[in-house]
Amino acid sequence: MSPGPGADSAPAPTATTFSSLRIRNYRLFATGQMVSNTGTWMQRIAQDWLVLSLTGSAAAVGITVAMQFLPMLLFGLYGGIVADRYPKRRILLATQTFMGLTGLALAALTLGGAVRVWHVYVLAFLLGLATVVDNPARQVFVTELVGREQLRNAVSLNAANFQTARLVGPAVAGVLISAVGSGWAFLLNGVSFAAPIAGLLLMRTAELHPVERAPRGKGQLREGLRYVAARPELLWPMVLVFFVGTFGFNFPIWLTAYVDDVFGGDAGLYGLLNSLLAVGSLAGALYAARRGVSLLRVTVGAALAFGLLEIAVALSPSLWLFAALLVPAGMAGVLFNVTANSNVQLRTEEAMRGRVMSLFMMVFMGGTPLGGPLVGWATDTYGARLGFVACGLVSALAAAGVGLMLARAGGVRIRLDLRPGGRYVRLVPREYAAAA
């Protein structure tokens, strides 16, 4: 039975910052993902810069991002059904192989001098198709690797892994693009998928934690939607994830526009700004791993802080202040993402987890085909600063609205405590708040 909407989870008693790494299968998984994620970030930076070089348009960068995430919007829930029905390890072997091949194809086109922007769009769409199945399977597979008690820690370490790669990948991509061109970054990304494939093959399957699998049957997609709709503790965080994911996480569009139009920089500066964003993101992920607890109010608070920090970044008058504020913005963004992810997983029954997490990833990533072109158009039309401010404002307002709805669903009210030494914001039962 899932916890009530107002219930906050208690910390796992055995969790420390790196406790999941004691498990051999998880170490193999994390090592493979580290290599692959580094290659993926190299490709993202090189791909954004390649599209900008071919077209000179921030909107074209937005379309590329949209094409990669459009399959998630169209088919995301079906990927969850596949993840609930079939062995996750086999699914991941297939998807990781296919994703590696898309990187090699883009490398061949670029190094051969034949690449056109429509090639990038098509390959981004094919990569997105693999992601439809890969994402929910990878999210749910973590439970099989570490068990429920270590799930929060493993989710946080996965985010730290991703952000470490985000720190290294853009820096390497910036050097490669400046020195030898984008094609070599695409090639290294394609080759990097050998690492997670090897890790999956080397795992001891007998040590995987058994999980309940959903049988084949009709109406499983509708069943997943009804399951989420009936649980405010799942529904409202996903609403917040949609708004923040659609409007708040469009950094490829903003950063390319700021580097090219506002600061007059090059690919090296673009890689540096992405790395600074990753520094904050890594700090946020490690903080979440050490904390070992996922509270709904932390998720909402992180989203609110993220939106406000985006506004501050957008209005920064100088490059150095802009760059410095990317660090806390990255920290707030990944803290929101990690706590939202672990909250949803831990409040979901095992047989439903693939469908629920596919819906989570669909609203988080699937909103990008809507937000990406819109944000790109606004950036081209009204300038980078105004587009960035507007998206930060949407994220902050969504956090405030969802926080009020969760408080109402949990039977509590938000009360300000302005006394010296007070907590400033307190959650109190409705009856107490009405009587006070």
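Things worth noting here:
- Residue satisfying all of: in the range 129-173; under 23 Å from G280 (Cβ atoms) and basic (K, R); farthest from the chain's Cα centre (by Cα) among these: R152
- The criterion of at least 1 residues that are closer than 21 Å to R89 by Cβ and of a type in the set (D, E) is met by none of the helices (runs of 4 or more DSSP H) wholly inside the range 135-243.
- Of note, V51 satisfies the criterion of being modelled with pLDDT of 85 or more, assigned to a helix (DSSP H, G or I) and not hydroxyl-bearing (S, T, Y).
- Condition broken by A114, with the remaining ones in (1) in contact (Cβ under 8 Å) with a residue 12 or more places away in the chain; (2) not in a helix (DSSP H, G or I) satisfied: (1)
- Which listed residue, of L374, L370, L346, is at pLDDT below 85, within 14 Å of S156 (Cβ to Cβ), out of contact with any strand residue (DSSP E or B) (no Cβ under 9 Å at 6 or more places or on another chain) and surrounded by fewer than 24 Cβ atoms within 10 Å (Cβ to Cβ): L346
- Test: residue in the range 212-235 that is at pLDDT 85 or above, farther than 24 Å from I63 by Cβ, more than 25 Å from the chain's Cα centre (by Cα) and of a type in the set (D, E): no
- Evaluation of V293 against (1) at pLDDT 85 or above; (2) not polar (S, T, N, Q); (3) not in a helix (DSSP H, G or I) (one fails), failing number: (1)
- One residue from N337, N274, N250 being surrounded by 23 or more Cβ atoms within 10 Å (Cβ to Cβ), on the phi < 0 side of the Ramachandran plot, out of contact with any helix residue (DSSP H, G or I) (no Cβ under 6 Å at 6 or more places or on another chain) and modelled with pLDDT under 90: N337
- Top-ranked residue in the range 349-367 [being of a type in the set (A, V, I, L, M) and at pLDDT 80 or above; ranked as farthest from G147 (Cα to Cα)]: V363
- Cβ-Cβ under 8 Å pairs, at least 6 apart or on other chains, the range 318-342 side in contact (Cβ under 8 Å) with a residue 40 or more places away in the chain, far side of a type in the set (D, E): A329/E310
- Residue within the range 319-329 that is at pLDDT 85 or above and buried (at least 23 other Cβ atoms within 10 Å of the Cβ) present: yes
- Residue ID - farthest from W41 (Cα to Cα), chosen from residues in the range 163-211 that are crowded, with 23+ Cβ neighbours inside 10 Å and of a type in the set (F, W, Y): F193
- So A302, is it surrounded by 20 or more Cβ atoms within 10 Å (Cβ to Cβ) and either in a helix (DSSP H, G or I) or among the aliphatic types (A, V, I, L, M) (or both): yes
- Selection status of G280, surrounded by fewer than 20 Cβ atoms within 10 Å (Cβ to Cβ) and assigned to a helix (DSSP H, G or I): no
- Unmet requirement for L304, which otherwise passes all of (1) touching a residue at least 12 places away in the same chain (Cβ under 8 Å); (2) of a type in the set (A, V, I, L, M, F, W, C); (3) closer than 30 Å to G181 by Cβ: (3)
- Candidates G56, G4, filtered to the one that is modelled with pLDDT of 80 or more, surrounded by fewer than 18 Cβ atoms within 10 Å (Cβ to Cβ) and touching an Asp or Glu at 6+ places or on another chain (Cβ under 9 Å): G56
The values are calculated or read from the model by the stated rules, or taken from the named source; none is laboratory data. Please read all numbers here as calculations on a predicted model, not as lab measurements. No Cβ is skipped: glycine too gets one built from the backbone with ideal geometry, and neighbour counts run over all protein chains shown.
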